[in-house]
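Q: Take this structure, written in structure tokens, and hold onto it; I'll ask about it next.
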Amino acid sequence: MNEPYLTMAEIEAKYPNEWVLIDRPTTTKFQEVLGGYVIFHGHDRSAIHAKVDELPTPFNVAVRHTGPFNTDEELYLLNVNWNDE
């Protein structure tokens, strides 16, 4: 992994208006993501799914959008949890 640990503020500044896949996220007790290691980023949300499918299991990742998004994207973020299998 080439990317260093980044805080969410650093991730938002480095990848504005993009979807980011964050490995080993640090979170608050309320599951708010504080930072982690960005392993993928881009404008296409569906590309995140392809990357997740490539990950070895088990894994601990978070998906976040760093810009404004619509209601459908908000619901997506609330419902995604790849660790529930």
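What follows is calculated from the coordinates using simple rules that are stated; it is not laboratory data. Computed from a predicted structure; not experimentally measured. Cβ atoms come from the backbone with ideal geometry, glycine included; neighbour counts cover every protein chain shown.
Q: Expressed in nm to one decimal, what extension gain is obtained for the pair Arg24 and Ala47 from 0.36 nm per residue of sequence separation less their Cα-Cα distance?
A: Extra length available between Arg24 and Ala47 comes to 6.4 nm.
Q: Another question, if that's okay. Would you kindly calculate the translational diffusion coefficient of the stretch 6-79, applying Stokes-Einstein with the Kirkwood radius from alpha carbon pairs, for 25 °C and a viscosity of 0.890 mPa s, and quote it in µm² s⁻¹ without decimals? Kindly include the intermediate steps, with their values, before the conclusion.
A: On the way: Rh = 12.5 Å.
For these conditions, the coefficient is 196 µm²/s.
Q: Please list 36-45, 9-18, 53-62 highest first by mean number of surrounding beta-carbon atoms within 10 Å per residue. Can you show the working numbers first?
A: Details: 36-45: 17.0, 9-18: 14.5, 53-62: 12.0.
Top to bottom by mean Cβ count within 10 Å: 36-45, 9-18, 53-62.
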